[in-house]
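Heads up, the thing below is written out as structure tokens.
Nothing in this text is a laboratory measurement; each read-out follows from the coordinates by a stated rule. What you see is a predicted model; the values in this text were computed from it and never measured. Cβ placement follows ideal geometry from the backbone for every residue including glycine, while neighbour counts extend to all protein chains displayed.
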Amino acid sequence: MPVGDTGLVLQKLSWAAASVALAVVGVSTFTQPFGRTRNMVSEVTAFAIAVLVLALWTATDRSPARGTRLAGLMPYAWGAMAITSGCAALTSSGGPFSLLSAMATVGAGNAFSLAVSGTITGVGVLAVGSVGLAFGVPTWQVFFYPLILVLGLLFGRLERGYRLQAEQSAALLSSAGQIRKEQNRSATLDERNRIAREIHDLLAHSLGALGVQIQAAQAVLTDQGDIDRAVELLGHARRMAAEGLNETRQALHALRAETPPLPEALAGLSADHQRRYGAQVRFEMTGAPRSLSADAGLALTRTAQESLVNTAKHAPHQPVEVQLGYHEGRTALTVVSPLAGPADGHPALETVNGGYGLAGMRERLLLIDGSLHAGPHDGNWVVTAQVPQ
């Protein structure tokens, strides 16, 4: 049974028990012959008060708005029921009224704090005991019926504790469900952002490299009139476009797949850059290789890609150094390329990227507590990315 339904079940059981008790007392009271030994006034009065109190209790439970207005009357109602039914139980034929007196203290113990329900029970015990002693009721009755009031209070407190525990458990389950929903939502947003970054980086790398080749072909045609060289560059551009499309397709189908080891990935990028752009690329690794998280390895790989594309834009055909260092507590990637333009007769290429690529790399690294620094140093343009581990 769901925890949230426990309170409703307890409420229905309480109503059923009260109805059964009221029916038993009613049958006992109104089906016995009226005799001189019966105190009909006290029995009928107690029964009428019990009916009114139980009706008031039902109304407050079933109607929250009405219950708020009538809640202040319930302590007095339960007290009146406990006293009148307890006193009626002392009569020679009123024993069944002990059920109603017990129901009164059960209801008080369940509905109110220990101080309020204890006060109601104490007043009932005192009233029933005093009436019994005043009218010469047998000693066992004087002690037995007040004891029933106390037992009813204890049962009511147990019922209240179980109900509150069930309500707290339901609230915790609801909170846990909300937390899980928010976690799933956050994970979905994170995954969407990761996919967006990955697609952007792939397209930026492929389109950036393609733009470099097209610019080179345009420069060769306009500045040198070398048609054969331009055709060769356009052939490179076509192959790069096909490779970029293939890479994008692979990324879309395997976004969750593990990336190759970082040294292998960087060595492959270095060799590919040298083959495409005719620039000498020296890859160097220092320190003992160690495994990195998928996000860290991918961030360094994309940083190297973006740095190499920028190198091809700003310093074409110039030597590039790619350095991977495994240091204590961190892993660093450094890409070094000359600041000066080429001196081998090839046309200088214009900037087609305003730096957004490196800004995206910096954002990617910050998400994993990494850092990115790019700027001139000793006549070179140096890009340094670091990740923890």
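Mind sorting 313, 181 by how few other Cβ atoms lie within 10 Å of their own Cβ, fewest first?
Details: 313 19, 181 10.
Taking fewest neighbouring Cβ atoms as first place, the list is 181, 313.
Kirkwood Rh, Cα Rg: Rg to Rh for region 96-207?
Working: Rg = 30.3 Å, Rh = 18.6 Å.
Here the Rg-to-Rh quotient is 1.63.
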